[in-house]
1. Per residue, what accessible area does the stretch 76-181 have, given a 1.4 Å probe and all protein chains present, in Å²?
2. At a 1.4 Å probe radius, carbon and sulfur cover how many percent of the accessible area of the stretch 110-181?
3. For the stretch 97-181, run through the GluC sites (Glu not before Pro) and keep only the ones in DSSP coil with at most 10 other Cβ atoms within 10 Å of their Cβ.
Amino acid sequence: WSSDVCSAVSDDHAARRAVLLGGFMPVALTAALPALALIPDEEDEELLEKAKANRQKRLAEQSVTTREFIKAEGLKDVKLDKDLIPVQKAVYKLAKSGSELESGDVKAASATLNEPWSSEFAAAAAKVGSNPDSVVAKITSLKAAANKGDAPQSKREFVALVSELKSWASSSNLEAKLKGL
């Protein structure tokens, strides 16, 4: 009788050992294999940039749709109002620099344009609207012309910037939110 018990116990231990080894073997084999990329195109920089641009475009469109819904429902978008503060500040600073250019004070316009509002604008504009790169490029061109002291070129750059800013605000559905534009 005792040999039957010992045999049953050892058979039971052997069965448990086999089940445990059978359960751990696939995990051990999987861990030993090299990791393969799930997306074969992840090293294709051009494809990644295109995907990122498409995602940014979809997010901007979704943001516009959300704003339109909030407006239609008569609700207040507190987050948008907060995010628009640097954009509104940029509009005021541009108006100030425009007045300075109009009065012929290129040095004062240059000083106004070189304040930190332009980098704050770039960050905020990317959050609240569609791609602001063209507006940021126009700001950079205006700064360069004003820093050189070239009044006629500065005025041309200012007009181009204002036009681009209005276009950006329109495409981002922000015209009604920005004062002085």
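1. Details: 5530 Å² over 106 residues.
Here the per-residue accessible area is 52 Å².
2. Carbon with sulfur: 52 percent of the solvent-accessible area.
3. Details: sites: Glu100, Glu102, Glu120, Glu157, Glu164, Glu175; in loops: Glu175.
Sparse-neighbourhood loop GluC sites (Glu not before Pro): none present.
The values are calculated or read from the model by the stated rules, or taken from the named source; none is laboratory data. Nothing here was measured: the structure is a model prediction, and the numbers come from that model. Cβ coordinates were reconstructed from backbone atoms using ideal geometry, including for glycine residues, and neighbour counts include every protein chain displayed. Note: accessible area is taken over every heavy atom of the protein model, side chains too, but ligands, DNA and RNA are not part of it. Shrake-Rupley method; radii C 1.70, N 1.55, O 1.52, S 1.80 Å.
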